[in-house]
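Below: the structure, in structure tokens.
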Amino acid sequence: MNKLSIIVPCYNEEEVVSMFYRETLKAVTSIPDLDYEFLFIDDGSKDHTLDILRVLCCQDKHCHYFSFSRNFGKEAAMYAGLEQAQGDYCVIMDADLQHPPTLLAPMYQAVSQEGYDCCAGKRVGREGDGMVRGILSRSFYKVIQNMTHMDMGDGAGDFRMMNRTMVEAILSMKEYNRYTKGIFSFVGFETKWLEFHNIERAAGNSKWNLKSLFSYAFDGILSFSTVPLKLPGVLGALLMMVSFVLLGNALVQQAVFHHSVGTVYYVACIAAFFSSLQMLMVFILGQYLAKDYLENKDRPIYIVRERDSKAVTASNVYDITPKRRNVI
Ligand code: UDP
Ligand code: MG
């Protein structure tokens with residue numbers, strides 16, 4: 001019998017995690033001939049999420065939890081879940097019921113019967129998200145699509161069911177700066193898309209604010225595109241042309257019309273413009289350097305502080321070589 005691992009990153013989800021468990025349990029147990037496990041990854045929650053998970057895992061032998069030593073972010077939680085999962089298939093779901101459990105059955109059908117490696121939910125509409133976030137997200141996905149030439153379209157999120165081969169491919173990408181949407185697209189595989197309507201989270205609040213969304217967008221671009229590194233070259237060439245034109249103009253004014261342009265003023269303006277551009281370019285270079293610096297440190301992606309007594313750890317489940325030192 002096949003086994004499905006349901007991976008659920010949880011950060012301060014006390015209001016909704018029990019409801020999520022009940023709804024998802026109904027959906028998964030209605031699929032015939034399928035064993036399952038819930039893997040809750042408590043990403044350093046500061047509310048009572050961990051207490052609820054402890055109780056759930058005592059009551060149901062299909063439930064496991066891993067609790068991080070601090071908030072490492074959803075990317076790290078998803079990686080931990082995939083690394084700890086024992087299933088033949090893995091599905092990643094948000095704890096807030098924004099990913100409808102009713103899609104589990106058609107997703108399982110696609111990966112187990114229809115020959116797909118992955119079946120992913122594609123969110124249509126952004127009704128649950130607010131207007132500003134909707135506009136910013138859509139613009140970001142247009143930019144990243146053009147810069148990376150990879151399929152990371154708006155609506156293609158982390159809600160997807162994958163077979164073991166795809167999971168192993170994702171686990172083989174051990175980068176510290178993880179942008180999982182990009183990683184899904186990078187590893188490829190045959191994917192079926194199922195559309196679902198965006199709904200508001202069942203309870204609690206989104207963990208994203210404008211600052212974290214910008215930083216996530218920026219991380220996505222830096223992780224999968226080197227186009228920003230080419231900007232200094234393009235802008236440098238453009239500015240050189242502009243400076244030649246300005247210089248030519250000044251010389252012509254002087255020689256033909258005996259008219260002196262306000263040189264000092266122009267020089268000051270151009271100098272300020274150039275130095276601001278230089279700063280911008282140095283900033284972009286610095287960001288790439290910072291990412292490389294963190295990768296080279298080879299830090300663990302996550303650190304587990306506590307797990308349920310039945311949980312097995314990655315080291316005795318799947319031998320992933322070379323292994324990253326995730327501290328457990
Ligand atoms: N999440 C997490 N760590 C974080 C932020 C979020 O594990 O640092 C989890 C969160 O508990 C939820 C999922 O990631 O299960 C999606 O988060 P959220 O609903 O806040 O994001 P949104 O749906 O607003 O994009
Ligand atoms: Mg949500």
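Things worth noting here:
- Residue count for region 260-293 under the criterion of being of a type outside the set (A, V, I, L, M) and modelled with pLDDT of 75 or more: the result is 12.
- In region 191-211, residue nearest to ligand 1 (Cβ to nearest atom) [restricted to those that are farther than 23 Å from MET162 by Cα and of a type in the set (D, E, K, R)]: LYS207
- Matching residues, region 67-103, being more than 15 Å from ligand 2 (Cβ to nearest atom), in contact with a helix residue (DSSP H, G or I) (Cβ under 6 Å, 6 or more places away or on another chain) and open to solvent by less than 20 Å² (accessible area, probe 1.4 Å): SER67, LEU82, GLU83, GLN84, CYS90
- Restricting SER212, SER172 to those that are away from ligand 2 (no atom under 16 Å from the Cβ) and out of contact with any strand residue (DSSP E or B) (no Cβ under 8 Å at 6 or more places or on another chain) reduces the list to SER172.
Each row is one residue, and each column tells you yes or no for (1) of a type in the set (Val, Ile, Thr); (2) more than 16 Å from ligand 1 (Cβ to nearest atom).
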site	(1), (2)
LYS3	no, yes
PHE20	no, no
LEU25	no, yes
VAL28	yes, yes
ASP42	no, no
HIS62	no, yes
GLU75	no, no
ALA80	no, no
GLY87	no, yes
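- Evaluation of LYS122 against (1) in contact (Cβ under 8 Å) with a residue 12 or more places away in the chain; (2) open to solvent by less than 40 Å² (accessible area, probe 1.4 Å) (one fails), failing number: (2)
- Top-ranked residue in region 1-23 [being within 13 Å of ligand 2 (Cβ to nearest atom) and part of a strand (DSSP E or B); ranked as most open to solvent (accessible area, probe 1.4 Å)]: PRO9
- Scanning region 84-107 for residues that are under 12 Å from ILE41 (Cβ atoms) and assigned to a strand (DSSP E or B) yields one hit, ILE92.
The values are calculated or read from the model by the stated rules, or taken from the named source; none is laboratory data. Since the model is a prediction, treat every value here as computed from it, not as a measurement. Neighbour counts run over all protein chains shown; Cβ positions are idealised from the backbone, glycine included. Side chains are part of the model used for accessible areas, which takes the heavy atoms of the whole protein and leaves out ligands, DNA and RNA. Shrake-Rupley method; radii C 1.70, N 1.55, O 1.52, S 1.80 Å.
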